[in-house]
């Protein structure tokens, strides 16, 4: 089991630690609901240093990224980031990721912790253009400082105007007394804030100064359990749950990051799928009665026939109702469609809704 540079810090704070993607990670501190509300209403800090970082550089860096990702990275300019995915050869998804353009011919790819080795091998297998690849995952830490008060709470730590960094943009600048930190207006919570990339040797200083600066704003450490409820309220896909090697980006509602202005892995088949339509799609639903949908629960029609299963589900801390995602035949995907979720012996009625669940 690997530790992040802050694992001992989390333990000292009384975090409940669990194995996650090969790392010893904090799942919660004071409780999921309280931590969830902290991020929605003020500011919270996640240690997500288990995520992977690959540096792709050289004259053919863009050519490689264009080949392996679904989105159009030629639209990036230095200081901009882009959500994307790696399609596989069979119509599924190797992983989802964020592509950062650091400067001309230099890109940072941030991938999911559980897929670091798989993603590296996948990109390497497609690198017939001679792009320079470096795996920086073991050397860098990542803090997600999230919530509506994040800008105000963190402004004293940087000479840059944090409010001027637009969503999915970033700067490389000073933060918490460290030079050359990536300050990125990204995150997977839907409540605004930043993600901070720095070296492992620097992250403890950053962590301490972040909590000093945020003290008057009610800042708290947040575990991975609340990260999951926050992303689910926004309808953001989680790799391994809602997307995987067998789900296509078109089925998953990720057509918006699948650009057919270029050729990429399996693009012809995916374009054909988009044109013809798919037999199943990922839907968002909320329960009409009390209950908690869980991953793996059956989705059934009015006659009790199984039509799919829940890929992600929870009791929404913000809304106080059961919410979830799952794949069902296209005929059941219209907003307002009625389905049922099999919660143990009860088929609980649910309604298909338009995302996000949490409107802010």
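The values are calculated or read from the model by the stated rules, or taken from the named source; none is laboratory data. All figures in this text were calculated on a predicted structure; none of them were measured in a lab. Because the Cβ atoms are built from the backbone with ideal geometry, glycine has one as well, and the counts that use them run over all protein chains shown.
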Query raised in the report: Do we have residue 194 as within 24 Å of residue 136 (Cα to Cα) and either modelled with pLDDT of 95 or more or touching a strand residue (DSSP E or B) at 6+ places or on another chain (Cβ under 8 Å) (or both) here?
Result: yes
Query - Boolean, residue 213 is in contact with a helix residue (DSSP H, G or I) (Cβ under 7 Å, 6 or more places away or on another chain) and outside the structural domain of residue 98 (by TED's automatic domain parsing) - result: yes
Report summary line: Filtering region 25-61 down to residues that are surrounded by 20 or more Cβ atoms within 10 Å (Cβ to Cβ) and farther than 30 Å from residue 204 by Cβ yields 61
Report task. Mind counting the residues in region 176-189 that are buried (at least 18 other Cβ atoms within 10 Å of the Cβ), over 24 Å from the mean Cα position of the chain (by Cα) and outside any strand (DSSP E or B)? Result -> 1
Query raised in the report: Taking region 110-145 as the search range and keeping residues that are within 18 Å of residue 204 (Cα to Cα) and under 20 Å from the mean Cα position of the chain (by Cα), which one is surrounded by the most Cβ atoms within 10 Å (Cβ to Cβ)?
Result: 145
Query raised in the report: Among the residues of region 300-313, is there at least one that is free of Cβ contacts under 8 Å to residues at least 40 places away in the same chain, farther than 22 Å from residue 238 by Cβ, more than 23 Å from the chain's Cα centre (by Cα) and part of a strand (DSSP E or B)?
Result: yes
Query - Selection from region 111-139 of residues that are without any contact (Cβ under 8 Å) to a residue 60 or more places away in the chain and under 17 Å from residue 85 (Cβ atoms) - result: 118, 121, 122, 125
Query raised in the report: Looking at (1) in a strand (DSSP E or B); (2) in contact with a strand residue (DSSP E or B) (Cβ under 7 Å, 6 or more places away or on another chain); (3) over 16 Å from residue 218 (Cα atoms), can you tell me which one residue 19 breaks?
Result: (2)
Report task. Specify which of the listed residues (240, 218) is more than 20 Å from the chain's Cα centre (by Cα), on the phi > 0 side of the Ramachandran plot and surrounded by fewer than 19 Cβ atoms within 10 Å (Cβ to Cβ). Result -> 218
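Residue by residue, here is whether (1) over 14 Å from the mean Cα position of the chain (by Cα); (2) in a helix (DSSP H, G or I); (3) without any contact (Cβ under 8 Å) to a residue 24 or more places away in the chain holds:
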| site | (1), (2), (3) |
| --- | --- |
| 191 | no, no, no |
| 196 | yes, no, no |
| 211 | yes, yes, no |
| 225 | no, yes, no |
| 228 | no, yes, no |
Requested in this report: Go through the residues of region 90-104 one by one and say whether even a single one is surrounded by 15 or more Cβ atoms within 10 Å (Cβ to Cβ), more than 30 Å from residue 253 (Cβ to Cβ), touching a strand residue (DSSP E or B) at 6+ places or on another chain (Cβ under 9 Å) and modelled with pLDDT of 95 or more.
Outcome: no
Requested in this report: Taking residue 80 as meeting all but one of (1) over 30 Å from residue 153 (Cα atoms); (2) touching a strand residue (DSSP E or B) at 6+ places or on another chain (Cβ under 6 Å); (3) surrounded by fewer than 18 Cβ atoms within 10 Å (Cβ to Cβ), write down the number of the exception.
Outcome: (1)
Report task. Only residues that are part of a helix (DSSP H, G or I) and more than 19 Å from residue 6 (Cβ to Cβ): list them for region 154-175, please. Result -> 155, 156, 162, 163, 164
Query raised in the report: Scanning for something in contact with a strand residue (DSSP E or B) (Cβ under 6 Å, 6 or more places away or on another chain) and modelled with pLDDT of 95 or more, does region 267-278 turn up at least one residue?
Result: no
